[in-house]
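Remarks on the structure that follows.
The values are calculated or read from the model by the stated rules, or taken from the named source; none is laboratory data. Please read these numbers as outputs of a predicted model, since none were measured by experiment. Every residue, glycine as well, gets a Cβ built from its backbone with ideal geometry; the counts of neighbours run over all protein chains shown.
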Amino acid sequence: MKKVAIVGLGHSKFGVRKDISLREMAYESVKGAIEDCNVGSVDEIEASVTGITSDEFAQQVVPAPIITDYIGMVGKPNVRVEAACATGSAAIMTAYSWIASGLYDIVLAVGAEKMHEAGTSHATEIMAMAGDSQWEYGPFGVTFPGFYAMLAIAHMAKFGTTSEQLAKIAVKNHKHGVSNPNAHMRKEITVEKVLDSFMVAYPLHLYDCCLITDGAAAIIMVSEEKAKELTDTPIWIEGIGCSTDTATVMERSTFTGINSTRKAAQMAYKMAGITIKDVDVATVHDCFTIAELLAYEDLDFCKKGDGGKLIDEGETYYDGSTPINTDGGLKSKGHPLGATGISMAVEISKQLRGEAYNQVEGAEIGLAHNVGGSGQYIFVNIYRR
Amino acid sequence: MLFGKNPIITQTKVSEFAERLKENKIMGTKCKKCGQIYYPPRWACAKCLTEENEWVELSGEGKLATFTTLNVGGTKFEKDIPYTVGIIELKEDQNIKIMGWISNNIDRENLEVGMDLKAVPKTLEDDKITIELIKV
């Protein structure tokens, strides 16, 4: 396989974007990615992969062509991919394999989602139906926060994890998000504020949950030969792990972790020839605070059951021993489903280039962990400068 | 007879599941070839890719593995909030898990992982039937 690098990074403002359409938001991020490297114009890009999770959010069945057309790539190869909340990472994996196989040398991966217009109740339902609608949502009304709440209860019962520890993860990510101009909610919060906030799904409070956000992100991915022409700071994709888990949550073999994270991580570490100890900086999928805590354990940043201790000690702040979600994470930056995986690649690439808002000094190897649904899809990517 | 409060997928090879609930039985399926038991029931075995399955009755008795109380629901469940659902692991095989509504007879404050609960069918209006988790 050929080596594959990320050379161009583009990121729209994440937030409630009342002033802009899906295609216009995608354009913002694509233009940013083109201007970020020496590719010059869109004419040089051979093909594109579009990540959009929901036609319902897009209010557009077959949503990729409206973007492909708007960014001037009519006539060129394109596919739209979907892997729930990990759609952006599915786009990266697709583009990676096109380049690694030699099919194309320059590929654009763009992810976007416009979510706020659906309203909270409808948005909750769209995301709940990403679970098993025959056996779990339709019969029992278990929403996306509901599934993670059940994982939190099981973890608390087995390991003594507390609501305060979960709140500390939110506090950390909000602190990181303050420095990120593209983040949705740039304000610091306190543990008390989290614990006093509305209980969405016991034991998860409002501030344990990520936001309903509009946004887009884009990266330009190239072969080794092209990388030399286009940038002095290529970021290499060294490992890709992808795994899946049962459609229903009730059929999972454990409720205190996500097995597919464990499997994807092992694939990615093996492919990159590293261990978790080599990772200098990471973005993990914190759609809920419990999701970040489970990721600490399932990615092997700490032992099973020790996730609470890791945040208690403050080790996952950007200046700690294990910097995680230095851009504010999904919690503060926002989680426009299709864009998230690509936004993670943007943050890790910036960290490895030394251009991040909360820079981890001397970071050489980065990890991105992206969950689709409640583990139905997992992607773990390893990046190196 | 349809399964669930707001049935979404109703055309299925395992529609008999809801009919058996009406007879007060919670049924899984068992692959005749490899013996794998499925709950929720499946028409085909994912291990053998065979359709030679038989219905097996599950005890419904087990321990609470996890639960949550939802104060925000999707559009279909807005009128039901707050509602509490849980998952039990069956006593005969903890790998078989059943989701259900926690009965209103159980005080939410007293819910605890590991407590004994029993899954039982509960008839709803409009020819629908669901599963409730009750105290043993």
Just a yes or no: is a residue in the stretch A:192-199 crowded, with 24+ Cβ neighbours inside 10 Å and not small (Gly, Ala, Ser)?
-> no
In this structure, does A:LYS172 turn out to be more than 19 Å from A:GLY375 (Cα to Cα), within 11 Å of another protein chain (Cβ to nearest Cβ) and among the charged types (D, E, K, R)?
-> no
Reported set for the stretch B:110-136 where residues are within 11 Å of chain A (Cβ to nearest Cβ) and modelled with pLDDT under 95 is none
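Here's the yes/no breakdown for (1) in contact (Cβ under 8 Å) with a residue 12 or more places away in the chain; (2) of a type outside the set (Phe, Trp, Tyr); (3) more than 7 Å from every other protein chain (Cβ to nearest Cβ):
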| site | (1), (2), (3) |
| --- | --- |
| A:GLY111 | yes, yes, yes |
| A:GLU117 | yes, yes, yes |
| A:SER121 | no, yes, no |
| A:ALA128 | yes, yes, no |
| A:LEU151 | yes, yes, yes |
| A:MET156 | yes, yes, yes |
| A:LYS168 | yes, yes, yes |
| A:ASN182 | yes, yes, yes |
| A:MET185 | yes, yes, yes |
Got at least one residue in the stretch A:220-230 being more than 14 Å from chain B (Cβ to nearest Cβ), crowded, with 20+ Cβ neighbours inside 10 Å, within 30 Å of B:GLY86 (Cα to Cα) and not charged (D, E, K, R)?
-> no
Would you please name the residue that is nearest to A:VAL279 (Cα to Cα), looking only at residues in the stretch A:232-248 that are among the aliphatic types (A, V, I, L, M) and out of contact with any Lys or Arg (no Cβ under 9 Å at 6 or more places or on another chain)?
-> A:ILE240
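Each row is one residue, and each column tells you yes or no for (1) surrounded by 23 or more Cβ atoms within 10 Å (Cβ to Cβ); (2) among the charged types (D, E, K, R).
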site: A:MET1; (1), (2): no, no
site: A:VAL7; (1), (2): yes, no
site: A:GLY10; (1), (2): yes, no
site: A:ILE20; (1), (2): no, no
site: A:ARG23; (1), (2): no, yes
site: A:ALA33; (1), (2): yes, no
site: A:VAL74; (1), (2): no, no
site: A:ASN78; (1), (2): no, no
Which pairs have Cβ atoms under 7 Å, sit 6 or more apart or on different chains, and link a residue in the stretch A:73-93 that is without any contact (Cβ under 8 Å) to a residue 24 or more places away in the chain to one that is surrounded by fewer than 24 Cβ atoms within 10 Å (Cβ to Cβ) and assigned to a loop (DSSP other than H, G, I, E, B)?
-> none
Counting only helices (runs of 4 or more DSSP H) wholly inside the stretch A:92-205, the ones holding at least 3 residues that are farther than 30 Å from B:PHE77 by Cα are A:163-178
